[in-house]
1. What trypsin sites (Lys or Arg not before Pro) does the stretch 1-38 have in DSSP loop regions with at most 15 other beta carbons within 10 Å?
2. Could you give the length gained on full extension between residue 151 and residue 249, defined as 0.36 nm per residue of separation minus the Cα-Cα distance, in nm?
3. Consider a paramagnetic label point 7 Å from the Cα of residue 158 along Cα→Cβ; state which residues of the stretch 55-90 have an amide N under 18 Å from it.
4. If you count only protein heavy atoms with a 1.4 Å probe, what accessible area per residue comes out for the stretch 278-349, rounded to a whole Å²?
5. Can you send over the solvent-accessible area of residue 21, 1.4 Å probe, protein chains only, in Å² to the nearest 10?
6. Taking the Cα centre as origin and putting +1 on Lys and Arg beta-carbons and -1 on Asp and Glu beta-carbons, what dipole magnitude results for the chain, to the nearest 20 debye?
7. Efficiency by 1/(1 + (r/R0)^6): what FRET value for residue 280 and residue 208, r their Cβ-Cβ distance, R0 = 45 Å, to the nearest 0.05?
8. Which residues' amide hydrogens lie under 5 Å from the amide hydrogen of residue 120, considering only partners 5 or more residues apart or on another chain, with H built in the peptide plane?
Amino acid sequence: MNKNLLETYSNFLIASTKSAHSTDLQNITNSKISKDSVYRFLSSGQFCEKNFWLAIKPILKSIEDSNACLSFDDTVVHKPHTQPNEIVEYYWDHTINKSVKGINILSCTYQTKNISLPINYKVIRKNKIITDIDGKTKRKSEFTKNQSMLAMLKMIKVNKVKYRYILMDSWYTTTDNLKYIHKNLNKLFVSALKSNRTFKFLSEDSTQFRKVSTGDFQPNEVYMVELKGLPFPVYLTKQVFQNGDGKEASLYLITNDEFLNYDSTINVYKKRWNIEVYHKSLKQNCSIGKATVRTVQTIIGHLFCSIYSYVKLEKLKIKTHINHFRLKTKYYLLGLKETFSKLSDLKTA
């Protein structure tokens, strides 16, 4: 991999405020970096899991903490004007509750103190073409997102990353994931639980399972329960809160850590919010959806560089104690100040 071009292109993605065109990079470097060289770089096929690990390993080792948390979640990068392919397809965006055309990325972030570092990610590929009962063809992914998450956990184990908790929303709280975390990894989890999952209290003699939503769970309490299909007990809490529209809502959380009380469970799970900030920063500060790349290979290369841009901003945040959004604003104002100064010089002349 061309490391110099990786550094230059990732800097360009941070500096860009609108579309990240390779012709703009060519212009600002006085053609020292041509748009053709950027295309060859992005389509080189070297943007793999191994190379990303090698790129982030030094900073990870400098912040590694046995009490850290891993957070898993996916996001959709909207690409309404890009032709569909095995990466750019229609996905459900839970933030707006509708299906959109874009790129679906599953990420794992490493969180310790005020640091949130992506240590692995997978781009969802709908690389299988199937025919439905109506004779229409459509694309389907060879692996589910939960299978991709398991693959990421296995690689994290191979890389011997130190951490304590794994945090997930309800989509990833599957029986297979929980079994693997508890038995194969011997790690702790705190995750959200869908209200239609079935359970029974361990204190009950009944073998009848019922939906979580029907359970008599009181806020500020912890209950030892058995989830259907799970061969070990978990500890369930119910958090009641008000939505933005003022309506009351409930969040069910489960953990295999018997030493967490209600407040501790809530506080640990709150750390998962950092992955949402990571998604927001990718879109607003790292130009992840702003490049005019079209082919599968160049899209993969651009996504790698964009996530690497986030890593660079995180390193700057550690050094300067300024968050990504303030850093981006600071760089924007520097460019604005330079432009204003040039225009003032022209007026004087």
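The values are calculated or read from the model by the stated rules, or taken from the named source; none is laboratory data. This structure is a prediction, so every number in the text was calculated from the model and none was measured. Please note: Cβ atoms are built from the backbone with ideal geometry, for glycine as well, and neighbour counts cover all protein chains shown. Accessible surface is based on the protein model in full, side chains and every heavy atom, while ligands, DNA and RNA are left aside. Shrake-Rupley method; radii C 1.70, N 1.55, O 1.52, S 1.80 Å.
1. 18, 32
2. Fully extending the segment from residue 151 to residue 249 adds 32.0 nm.
3. Residues 55-58 fall inside that zone.
4. About 56 Å² of surface per residue is accessible.
5. The accessible area comes out at roughly 60 Å².
6. It works out to roughly 1140 debye.
7. 0.55
8. Result for residue 120 returns 108.
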